[in-house]
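The values are calculated or read from the model by the stated rules, or taken from the named source; none is laboratory data. Nothing here was measured: the structure is a model prediction, and the numbers come from that model. Glycine also receives a Cβ, built like all others from the backbone with ideal geometry; neighbour counts cover every protein chain displayed.
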Amino acid sequence: MIALGFCNIFSSFMGSMPVAGSMTRSALNHTTGVRTTFSSIFTTILGMLSLLFLTPLLYYIPKSSLSAVLICAVTSMFRYDMMISLWKTNRRDLIPFTTAFVSCLIFDVEMGLLFGICVDLLCVLYRSARPSISIEKETNSGYVKWVVRPSSGLLFPAVDFMRQRIIAEMSSSERPNKPNLIIVDCVHFDKTDFTAAQGIKSLINELKSESCQLELMNAKECVAAILEATLNVKILSMVPLQDSIKKFNFIQPDLNGVESMTLHEIKMKNICERKA
């Protein structure tokens, strides 16, 4: 397989015909202990003798027996250990693996590979659209803060899922436990897009009706640039989140009459009021 791959890669630069080979024959040679290509001479001689003298006898050999020979020859290509490792580590990866295997048995190799690739793409899209989201809740003198941590980057398939998760969590909370401030930790956001930023903007407007402020912190510069351009606010980039949470243990921002204020502005406002 490696030799055929290299031959097709380099021959494509010269406009040659595609290079192909019999995988079953290569597997049969490997199973029978063939070491050199000199075995092709013996194979040719035996094939010619069989055609000359054994053709009437070969007519009665059932195709199932020939299939059994090929199946036994390619057993060395089966990776049973891979299935065991996938079962122990990540069972979700067994879905495209099993789909490709069963499709190859039912249809053919090309269709099996196509089905396996399509299922794997669907799995990748599902992971990006349904990231794991943890919500940490903290209450200090009646002031409720939530820290939301998505496990992966925020792209357009995932922003609606995060919005639904936050809204559902707020709906299930009693009035005294509803958050006054929601901090989204963007440490795992390696990239984002315009649609996701628009979704965050709509979430901010939706939370305003619940007297709740949404802040984005610890974002990378590339992510912060997209969010700042869409939300028209300053995003705190690469700020240790735990330090900010500790400061909020004694700072309770007054959100009355505040239309849009970043976390940095809220902290500075309260620090100035405490000094005054």
For the stretch 243-257, state whether one or more residues are part of a loop (DSSP other than H, G, I, E, B), surrounded by 12 or more Cβ atoms within 10 Å (Cβ to Cβ) and at pLDDT 80 or above. no
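Quick check: is even one residue across the stretch 45-64 in a loop (DSSP other than H, G, I, E, B) and either under 25 Å from Val109 (Cβ atoms) or touching a residue at least 24 places away in the same chain (Cβ under 8 Å) (or both)?
Taking the stretch 45-64 first, the residues in a loop (DSSP other than H, G, I, E, B) are 54, 59-62.
Remaining after also requiring either under 25 Å from Val109 (Cβ atoms) or touching a residue at least 24 places away in the same chain (Cβ under 8 Å) (or both): 61-62.
Within the stretch 45-64 (the criterion being in a loop (DSSP other than H, G, I, E, B) and either under 25 Å from Val109 (Cβ atoms) or touching a residue at least 24 places away in the same chain (Cβ under 8 Å) (or both)), the answer is yes, since at least one residue qualifies.
From the list Glu138, Glu110, Glu174, exactly one residue is in contact (Cβ under 8 Å) with a residue 60 or more places away in the chain and either over 22 Å from Met217 (Cβ atoms) or touching a strand residue (DSSP E or B) at 6+ places or on another chain (Cβ under 6 Å) (or both). Which is it?
Working: Glu110 fails: in contact (Cβ under 8 Å) with a residue 60 or more places away in the chain; Glu174 fails: in contact (Cβ under 8 Å) with a residue 60 or more places away in the chain.
Step by step, each of Glu138, Glu110, Glu174 is checked, and only Glu138 is in contact (Cβ under 8 Å) with a residue 60 or more places away in the chain and either over 22 Å from Met217 (Cβ atoms) or touching a strand residue (DSSP E or B) at 6+ places or on another chain (Cβ under 6 Å) (or both).
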I'd like to verify a number: residues in the stretch 9-30 that are under 25 Å from Ala73 (Cα atoms) and either assigned to a helix (DSSP H, G or I) or of a type in the set (Asp, Glu) (or both), how many? 8
How many residues does the stretch 192-217 hold that are outside any helix (DSSP H, G or I) and hydrophobic (A, V, I, L, M, F, W, C)? 4
Single unsatisfied condition, Gly33 versus (1) over 38 Å from the mean Cα position of the chain (by Cα); (2) surrounded by 10 or more Cβ atoms within 10 Å (Cβ to Cβ); (3) small (Gly, Ala, Ser): (2)
Restrict the check to the stretch 46-54 and report whether at least one residue is over 30 Å from Leu94 (Cβ atoms), in contact with a helix residue (DSSP H, G or I) (Cβ under 7 Å, 6 or more places away or on another chain) and modelled with pLDDT of 80 or more. yes
Among (1) within 24 Å of Glu169 (Cβ to Cβ); (2) within 13 Å of the chain's Cα centre (by Cα); (3) among the basic types (Lys, Arg) - the single one Arg92 does not satisfy: (1)
Could you list, in sequence order, all residues of the stretch 114-155 that are farther than 18 Å from Ile167 by Cβ, hydrophobic (A, V, I, L, M, F, W, C) and at pLDDT below 90? Cys123, Val124, Leu125, Leu155
